[in-house]
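Have a look at the structure below before the remarks.
Throughout, read-outs are computed from the coordinates displayed, never taken from laboratory work. Note that this is a predicted model, so its numbers are computed, not measured. Methodologically, a virtual Cβ is constructed for each residue, glycine included, from the backbone with ideal geometry; neighbour enumeration extends over all protein chains shown.
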Amino acid sequence: MVGEYADVVLVDGATMVFNAAKPNRVDALVDVDLRVAPGDFVSLIGPSGCGKSTLLRLIAHLLEPTAGTLSVNGKSPDRARREGDYGMVFQQPGLFEWRSVRKNVELPLEIDGWARARRAERAVEMLELVHLDEFADHMPWELSGGMQQRVAIARALAVQPALLLMDEPFGALDEMTREHMQAELLRICAAEGTTVVFVTHSIPEAVYLSTRVVVMSARPGRITDEIAVGLGGDRNEDTREDDEFFKRITEVREALRADRDGADVRRVSGVEDR
Amino acid sequence: MTNRVASTLGVLWPPVLFGVLFLGAWEFIVWFWGIEQFLLPAPSAIWSALAEEIGAVWEATYVTGANALVGLLLGVALGVAMSFVMMRFRIFNDLATPLAVALNAIPIIVIVPVLNNMFSISTEVPRRLMVMLIVFFIVLVNVSKGLRQVQPLHVELMRSYAASPWTVMVKTRIPNAVPFLFTAVKIAAPAAVVTAFVAEYFGGRQNGIGYGITSSAATSNNDVTWAYVAGACALGVTFFTISVGLEKTTVRQAGPRRPGGATT
């Protein structure tokens, strides 16, 4: 399959305008190009309103672009969505509070029409992956925020998607839990061979996780820089104290700052992208 | 299990103690000031009237209770059905929502005499219809809110799964609406009882608690009036307890954090 297409995600000249004909027109994205190769971990980073969540939603086909083309796994985003090619994780876990942890993980499998026994088996596997198998029969409200987010990740991975789309998944977590979750995510992606597009506000998070960091700027939202990070496959807690780590952080920070200093006088739009 | 019993008793004893003290004070005041029976009978007098008239009170309670129950069940069924129709066809929602709000603001029970004329007054039909109407709007407002107010995140998630509208309904909207339904029933059950016996004040068959209360009060037979009131209280508490019990079963399943916002 991989031979048929080189890129998991291909974005070509994507433009997204909200309220085009109205006074509160927002140019959320203008002429954005992005390629994500298999096994890549690409972070989208930038200030609020730079369109990084919009870009993620275009890839997920939760939004249709105003102009430009996208493809996911060599298909239209619409077809990729229908065929369950990606899993998505949001800032909030979004678990269904009337379903047990196991049943939450089973949800996408149910919709895909899996048989009950296979479903249960896969759900337990996925919960083992996020170290929550003991909590399979708990209800979501019995779990902490970090645990709930791990369930959401297990749910997104249940259909074994080639692509994982994550919209500030650790944004609501405390720093300790956050670092732990980052390490867990890297371990899981390595184990499953998942390609990831990851939206974040945090520079250290982007640098720690990514093979590439894509720097974006606001109003209009566009890509201003791309930094290859490549801290290697054997990242661990020591990596966070590495000189190389700090060097990359500085690099990303300067890219963000250069963009801000060079920016045109900003138009006031007052619109943040979630 | 014993823990549950102990905690239930722990919750129960203060109101029980209060009730006993209240009845004791009532008895004492009537005795101490020598209050006349036709003004306020003592609890002991009401008790003996209830013991004497228990057959009649029980029959009247049964009649009124059956009206309340039939009306409640019909109202819930109709309210749930209409909520789905409103969910499916937006136009019905736009039509029915202001109507439901308006009907909540007027004392709709005054139309009982009209119903009595439309349907024979020699049957229980007008009373049951009245109860059904009251319950219908309570259920409609709450359940349609439950079907609509799903978390935007859940909607986006279902879209990312390419779930059909039917799947979204079955897996997201209906489970979301279940606690709203039980909240509606909790509000509607006592309302059904009140409606059932107030409807009897407007004429019709002379067999329920409402009639028992008016006819005995008319002859200043106050002990018996209060015996019927006791029957009405028992009925209201029974309906409320059952509906709260039903609600508890869903709360236990879904956890303590439930969507609020029930309206009558």
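Considering the protein assembly as shown at the alpha-carbon level, its Rg and Dmax are found to be 32.1, 101 Å. Restricting the stretch A:75-142 to GluC sites (Glu not before Pro) that sit in a DSSP loop and have at most 16 other Cβ atoms within 10 Å of their own Cβ leaves A:GLU83. When A:THR69, B:THR183 are arranged by Cβ crowding within 10 Å, least crowded first, meaning fewest neighbours, the order is A:THR69, B:THR183. Our note on the geometry: Cα centres of the stretch A:130-148 and the stretch A:1-65, 32 Å apart. Going by neighbour counts of Cβ atoms within 10 Å, the residues A:LEU62, B:LEU95, B:LEU140 line up, fewest first, as B:LEU95, A:LEU62, B:LEU140. Mean separation of Cα pairs under 8 Å and 6 or more residues apart, divided by the residue count, gives chain A a relative contact order of 26 percent.
For the stretch B:49-143, chymotrypsin sites (Phe, Trp or Tyr not before Pro) are listed when DSSP marks them as loop and at most 14 other Cβ atoms sit within 10 Å of their Cβ; the list is B:PHE89.
Counting Lys and Arg as +1 and Asp and Glu as -1 over every other residue whose Cβ lies under 13 Å from the Cβ of A:VAL197, the net charge comes to -1.
Is the stretch B:122-234 rounded, prolate or oblate when judged by the Cα gyration tensor, a ≥ b ≥ c being the square roots of its eigenvalues, rounded requiring a/c under 1.5 and prolate requiring a/b larger than b/c? If you can, show how the numbers build up before the last one.
Values: a/c = 5.83, a/b = 3.44, b/c = 1.69.
The shape class here is prolate.
All C-alpha to C-alpha distances of chain A, sorted into 10 Å bins beginning at zero, yield P(r) values of 7, 28, 35, 23, 7, 0 percent in whole numbers.
From least to most packed, judged by other beta carbons within 10 angstrom and beginning with the fewest, B:VAL101, A:VAL30 follow the order B:VAL101, A:VAL30. The modelled label-to-label distance for the pair B:PHE32/B:GLN149, using points 7 Å beyond Cα in the direction of Cβ, is 4.8 nm. When shorter helices are ignored and each DSSP H run of at least 4 residues is given -39500 (n - 2.57), the per-residue value for chain B at 222 nm works out to -26500 deg cm²/dmol.
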